[in-house]
Amino acid sequence: MDIAVNPVLVIALGGTGRNVVNRFRRRLRQRVGTDKLPFVQYLYVDTHTANAEASDPGLGVPIGITPAEG
């Protein structure tokens, strides 16, 4: 049986958003067995460098914005 799915982008803003996404990913692992689904992508945005460095590596590669870009 084929199941139709739509792509999902989960956006986490700040430390609280990161915490919510981490809980969401844990719930996916508990229910589905993995949080790495091909139709789910995560975007974590934080202006505090310390929060970004402490984030879960599963959220992707940190990138930086220079003061001139911000």
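The values are calculated or read from the model by the stated rules, or taken from the named source; none is laboratory data. What you see is a predicted model; the values in this text were computed from it and never measured. No Cβ is skipped: glycine too gets one built from the backbone with ideal geometry, and neighbour counts run over all protein chains shown. Quick note on the areas: whole protein, heavy atoms, side chains included, nothing else; ligands and nucleic acids left out. Shrake-Rupley method; radii C 1.70, N 1.55, O 1.52, S 1.80 Å.
So for each of 36-42, 9-15 I average, over its residues, the number of other beta carbons within 10 Å; can you give me the resulting order with the highest mean first?
Details: 36-42: 11.9, 9-15: 14.3.
Ranked by mean Cβ neighbours within 10 Å, highest first: 9-15, 36-42.
Val40's amide H: which non-local residues (gap 5+, or another chain) put their own amide H closer than 5 Å, with H modeled 1.01 Å from N in plane and none for Pro or chain starts?
Val8
In nm, to one decimal, how far is the modelled label at Thr34 from the one at Ala50, with both set 7 Å along Cα→Cβ?
3.6
Could you give each residue of the range 3-13 its phi-based ³J(HN,Hα) in whole Hz, using Karplus coefficients 6.51, -1.76, 1.60 with θ = phi - 60°, and x for Gly or Pro?
Per-residue couplings from phi come out as 10, 7, 10, 9, x, 10, 10, 9, 10, 10, 10 Hz.
Averaged per residue, what accessible surface does the range 1-51 expose to a 1.4 Å probe, in Å²?
Details: 4060 Å² over 51 residues.
Here the residues of the range 1-51 average 80 Å² of exposed surface.
Out of residues 5 or more away from Ala12 or on other chains, whose amide H comes under 5 Å of its own, with H placed 1.01 Å from N in the peptide plane?
Amide H neighbours of Ala12, under 5 Å, 5+ apart: Leu43, Tyr44, Val45.
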